[in-house]
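For reference, the structure is listed below as structure tokens.
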Amino acid sequence: MEIPGGDLLFPLAMALLFGWLAVHCVRRLTAMARALRAGGRAAGVCVRIETEPYNRSDAERHVFSFRTPDGRTVEFEDLAGRGVKVGDEVTVAYDPAGPERTATVAGPGGWSPVLRYGLLAAGCGLAAAGFTAVFLFTAI
């Protein structure tokens, strides 16, 4: 059974997905840039590493924690290399006006956080542009 226009659905869905991912990465990138500019720094620690449900992939989510000068404990998720383990100490950069939204790992042990999200945003943006081109070429 053939669905009319079915050959257009896949490239359109992929263009939308990668476009959304690119926007998400750019938003995270701007939050990190604000945190790095604001100058808030604190010692943090990796508190847990979560794996995908049912071990369907090898993706890991690193959760870090730090304490603000007013005594609040803030937990956040960030990209980290395979070398980061639970209990590892890191340097956290954050904007004191909104530490929950802007916290990022800024210490050694991997690539710069800005570079990581910049590469992700660029890759997702290029993928979205490529799938959009395929969609438009197929539609014409």
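Bear in mind these aren't lab numbers, they're just calculated from the coordinates by the rules spelled out. These numbers come from a predicted model, not from an experiment. FYI the Cβ positions are ideal-geometry reconstructions off the backbone, even for glycines, and counts take in every protein chain you see.
Assuming R0 = 25 Å, what is the FRET efficiency of Ile49 and Ala13, from their Cβ-Cβ distance, to the nearest 0.05?
Values: r = 31 Å, r/R0 = 1.24.
That gives a FRET efficiency of 0.20.
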_To test your reading of the geometry: what angle, between 0 and 90 degrees and rounded to tens, separates the Cα axis of helix 6-38 from the longest principal axis of the chain?_
20
*For Ala97 and Thr30, calculate 0.36 nm times their separation in residues minus their Cα-Cα distance, and state this gained length in nm to one decimal.*
22.7 nm
*Sticking with the crude label model, points 7 Å out along Cα→Cβ, report the distance from Ala133 to Val86 in nm, one decimal please.*
4.6
_Taking just the alpha-carbon atoms of segment 11-101, what radius of gyration and Dmax come out, in angstrom?_
15.4, 49
*With a point put 7 Å past each Cα toward its Cβ, work out how far Ile140 is from Ala122 in nm, to one decimal.*
2.8
